[in-house]
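This report concerns only the one structure given below.
The values are calculated or read from the model by the stated rules, or taken from the named source; none is laboratory data. What you see is a predicted model; the values in this text were computed from it and never measured. A quick note on method: Cβ atoms are made from the backbone with ideal geometry, for glycine too, and the neighbour counts reach across all protein chains shown.
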Amino acid sequence: MIAEKFFWDTPLWALSLLMFLMMAAARELGVWVRRRAGAARAGSSGNENYILSAVLGLLALLVAFSFGMALDRYEARCKLVVSEANALSTAWQRTALLDDAGHLRRLLLDYAGARLDYGLTGGEAQDAAARQAEQLQPQIWAEAVRLVEPSRQTPLPAFALTPLGDAFDLAQSRKAALEAHMPVLVLGALAIYFIAAAIVLGYASAAVAKRDRVILLALFALFALVLGVILDLDRPREGLIPIPQGAMIDTVTVMRAQFAAGG
């Protein structure tokens, strides 16, 4: 959809600047409407103050709702990184119980490195890391199944294979979480309400001093910044707020150290 491409492909700075300019223009539209109606005068009536308070109150509610939705998605992506790192660490430790597991551990180490690159990079490099990990999954599984085959009548197969399956499932969950965005309808409604609020502010402040107009422009800049932060939280691939990869870095570091030591 055109709306989705607009919100997710346009640079954040361009979206924020565009929203600021649109709100500034909307404010001037509100001023023009009031003056056109011949109702411009110093100050605002009590009714106008009530309307303005209601508009800004609803705007605060919409911002809080949208920000909360974006933050929840961000936190879910962070938790998936930790869960996948834990699953890979468990799988790595349990492979030590298998005989002649050197090749399996080499494959698993390469897989963990690819998953780390997936989290640290973006764009084509991230897609390449995802493809590398997907190619390694069947190799790892086949090698693990081969090693546990002699012990298939014991609890060892389930003990060794379960964390591998969990790690592969979590990889898919992370991919789905990265590709999922806030509904465009919510973002569009928020943007439209920003503009509508600017019109109301312009109508109510048609006769204010130039100093107060500067304050309004500063307020619009804050509105644009808030929208930019909401969009950034929902852009984990190329946003300015990255998903922490500390848990995955620690896991891969330990795996590499143990493999280098022959463990």
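Details
- Of all the listed residues (230, 241), the sole one being in contact with an Asp or Glu (Cβ under 8 Å, 6 or more places away or on another chain) and either β-branched (Val, Ile, Thr) or exposed (fewer than 13 other Cβ atoms within 10 Å of the Cβ) (or both) is 241.
- Options 130, 167, 125; residue that is under 29 Å from residue 253 (Cβ atoms), free of Cβ contacts under 8 Å to residues at least 12 places away in the same chain and within 22 Å of the chain's Cα centre (by Cα): 125
- Boolean, residue 205 is under 30 Å from residue 74 (Cα atoms), among the polar types (S, T, N, Q) and out of contact with any Pro (no Cβ under 8 Å at 6 or more places or on another chain): no
- Only one entry in 174, 256, 235, 211 is loosely packed, with under 13 Cβ neighbours inside 10 Å and either within 26 Å of residue 60 (Cβ to Cβ) or at pLDDT 90 or above (or both), namely 211.
- Boolean, residue 200 is assigned to a helix (DSSP H, G or I), of a type in the set (A, V, I, L, M) and farther than 22 Å from residue 50 by Cα: no
- Residues of the range 239-263 satisfying the condition of being outside any helix (DSSP H, G or I) and under 21 Å from residue 71 (Cβ atoms): 239, 240, 241, 242, 243, 244, 245
- Top-ranked residue of the range 108-122 - restricted to ones that are crowded, with 18+ Cβ neighbours inside 10 Å and out of contact with any Phe, Trp or Tyr (no Cβ under 8 Å at 6 or more places or on another chain), ranked as farthest from residue 74 (Cα to Cα): 111
- Residues that are out of contact with any helix residue (DSSP H, G or I) (no Cβ under 9 Å at 6 or more places or on another chain) and in a helix (DSSP H, G or I) within the range 103-126 comprise 123, 124, listed in sequence order.
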